[in-house]
Amino acid sequence: MHPLDELRQLETRRQFFARGKSAVGFAALSSLLGQSVGQALGATSSSPAGVKLPGTHFPPKAKNVIYLHMVGGPSQMDLYDYKPEMQKWYDKDLPESIRKGQRLTTMTSGQARFPIAPSKYKFKQHGKSGMWVSEMLPETAKCVDDMCFIRSLNTEAINHEPAITAMQTGSQVSGRPCFGSWASYGLGSLNENLPTFVVLVAVPTNRAQEQAISAKLWSSGFLPGHLTGVSFRSKGDPILYINNPPGVPDSVRRRVLDNIRTLNEQTLKQVGDPETQTRIQQYEMAFRMQASVPELTNLADETEGTFTLYGEDAKKPGSLPNSMLMARRLVERGVRFVQIYHNNWDHHSDVAGRMPNQCKDLDRATYGLINDLKQRGMLDETLIIWGGEFGRTIYSQGGLTKENYGRDHHPRCFTMWMAGGGVKGGVVYGETDEFSYNIVKDPVHIRDFHATTLQLLGFDHNRFTYKHQGLDFKLTGVEPARVVKELLA
């Protein structure tokens, strides 16, 4: 028996009907390289690049997203959640009335005591909003009236891997599509020569305690494979094997790809596997990117004024300022979603030695990105998100002095901010207790955060679904989620 006939006999009833249903659309999908399935099913408007866009539930406020994820969990009380009363509590034990027997990680659960570690950094109020910002972020502080701060984020996950997975995919269980893939699925592509979803992993100045960052964080899960994020490298070729091997001209590579495409189309016709269609798209995208990526990554056309905005480190490939400048160039060229990861925010010890380096990487570049987008008239349609997977404890992990301390993971409250893309600038939402340990006003679960960001992209999170294995899956999952309307302009 021919292997393909054998495969058909082994397939399930569900696979058979799925294949029959999908086959009708394969011819149309082959011409929609880099675009979402949703586009093929009912486009209603056109982009500046002439590419059809899918219908959203309501007009989107944001058309692009730049998501800055600080891997490890930034310390909210050292950056944005000012707690001056804690100075009186130095080296006193965290009251049981505050902790209330809550879950701790194994890194501190065995400590004999939980001594309070007040922030060693000074704070000032800034902008019309009067937002309190740490002295380590003086440039970011100039932008607070363009930003909305959420001090009351919370999650159930207390360790890095499930927490960052939940923040990026809406579930602690691996295998779900990430936020960038959902956005790409719904909004489609604005540029046929670049991916819809790009990932940049910035190299921190201080590399003392980095967390693993796995490609599952930008996986499309059960969504079509072409919606997976494309990771750009910081050194060498941005994408491996995108350039021709030595001695191979474009004409030869084009013939090779045409022949591979013919074989893949034959397989697609016989088997009907959507992943074959994805492979066809990937080959074609890679060929087109041979021309678009070198132009994208060449910063020679940027003015000195741009580097003044972002800081001189923006000229250093792979740095966070360079990645943030690259993010602006990507969205300027129609990339829908840019995810930037910046490592080494897991400050179990030596906050005084490591936090300043992290903030130096971030501070000027944040000011540069917001103002660069604003000057180019792009901020109103570009949503910037900043945050980590959880916060840190007010009590010290390990040794404590007034000049140095460490902090453990804390999922019960942490701070994130957004700017541009339809958010209300100058807003401070949510409130924690004087220990930054529990939320006392306006809690925002990460499900609420996802619902709110989808709203900004034009989607009702309850109706923005994808059928998989007989279920209508959502980014926000099955538990109730609300849109935080107070954050919307």
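The values are calculated or read from the model by the stated rules, or taken from the named source; none is laboratory data. Keep in mind that what you see is a predicted model, and the values were worked out from it rather than measured. All Cβ positions, even for glycine, are placed from backbone atoms using ideal geometry, and neighbour counts span all protein chains on display.
Structure values in brief
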| read-out | value |
| --- | --- |
| Some residue of segment 200-222 being touching a Lys or Arg at 6+ places or on another chain (Cβ under 6 Å), farther than 20 Å from ARG288 by Cβ and crowded, with 20+ Cβ neighbours inside 10 Å | yes |
| Residue ID - farthest from the chain's Cα centre (by Cα), chosen from residues in segment 250-275 that are at pLDDT below 80 and closer than 23 Å to GLY229 by Cβ | LEU257 |
| Unique match (being in contact with a His (Cβ under 8 Å, 6 or more places away or on another chain) and basic (Lys, Arg)) among ARG354, ARG364, ARG328, ARG336 | ARG354 |
| Selection status of ARG176, basic (Lys, Arg), surrounded by 18 or more Cβ atoms within 10 Å (Cβ to Cβ), closer than 30 Å to ARG288 by Cα and at pLDDT 95 or above | yes |
| Among (1) at positive phi; (2) crowded, with 23+ Cβ neighbours inside 10 Å; (3) touching a Gly at 6+ places or on another chain (Cβ under 8 Å) - the single one ASN344 does not satisfy | (2) |
| Residues of segment 426-442 satisfying the condition of being among the acidic types (Asp, Glu) and assigned to a loop (DSSP other than H, G, I, E, B) | ASP433, GLU434, ASP442 |
| Boolean, GLN15 is at pLDDT 50 or above, surrounded by 11 or more Cβ atoms within 10 Å (Cβ to Cβ), among the polar types (S, T, N, Q) and not in a loop (DSSP other than H, G, I, E, B) | yes |
| Every pair of residues 6+ apart whose Cβ atoms lie under 8 Å, when the first sits in segment 79-98 and is among the small types (Gly, Ala, Ser) while the second is part of a loop (DSSP other than H, G, I, E, B) and surrounded by fewer than 19 Cβ atoms within 10 Å (Cβ to Cβ) | none |
| Selected residue [surrounded by fewer than 21 Cβ atoms within 10 Å (Cβ to Cβ) and among the small types (Gly, Ala, Ser)] from ALA352, ALA365 | ALA352 |
| Some residue of segment 231-245 being buried (at least 16 other Cβ atoms within 10 Å of the Cβ), at pLDDT below 80, assigned to a helix (DSSP H, G or I) and in contact with a Gly (Cβ under 6 Å, 6 or more places away or on another chain) | no |
| Residues satisfying the stated conditions in segment 456-473, i.e. without any contact (Cβ under 8 Å) to a residue 60 or more places away in the chain and buried (at least 21 other Cβ atoms within 10 Å of the Cβ) | HIS461 |
| Among the candidates ALA202, ALA215, residue that is of a type in the set (A, V, I, L, M), within 30 Å of THR453 (Cβ to Cβ) and without any contact (Cβ under 8 Å) to a residue 40 or more places away in the chain | ALA215 |
| Any chance ASP442 is surrounded by fewer than 21 Cβ atoms within 10 Å (Cβ to Cβ), touching a strand residue (DSSP E or B) at 6+ places or on another chain (Cβ under 7 Å) and modelled with pLDDT of 95 or more | yes |
| Residue satisfying all of: in segment 214-230; assigned to a loop (DSSP other than H, G, I, E, B) and out of contact with any Leu (no Cβ under 6 Å at 6 or more places or on another chain); farthest from GLU275 (Cα to Cα) among these | SER214 |
| Subset of segment 65-86 (residues that are crowded, with 24+ Cβ neighbours inside 10 Å, in a helix (DSSP H, G or I) and charged (D, E, K, R)) | ASP78 |
| Filtered residues of segment 284-317 (kept if touching a residue at least 40 places away in the same chain (Cβ under 8 Å), more than 30 Å from ARG254 (Cβ to Cβ) and not in a loop (DSSP other than H, G, I, E, B)) | THR306, LEU309, TYR310, ASP313, ALA314 |
| Residue list for segment 100-121, filter: under 17 Å from MET77 (Cα atoms) and surrounded by fewer than 18 Cβ atoms within 10 Å (Cβ to Cβ) | LYS120 |
| Filter result for GLU156 (more than 19 Å from VAL428 (Cβ to Cβ), acidic (Asp, Glu) and over 18 Å from the mean Cα position of the chain (by Cα)) | yes |
| Qualifying residue in segment 184-204 (condition: assigned to a loop (DSSP other than H, G, I, E, B) and within 14 Å of TYR341 (Cα to Cα)) | yes |
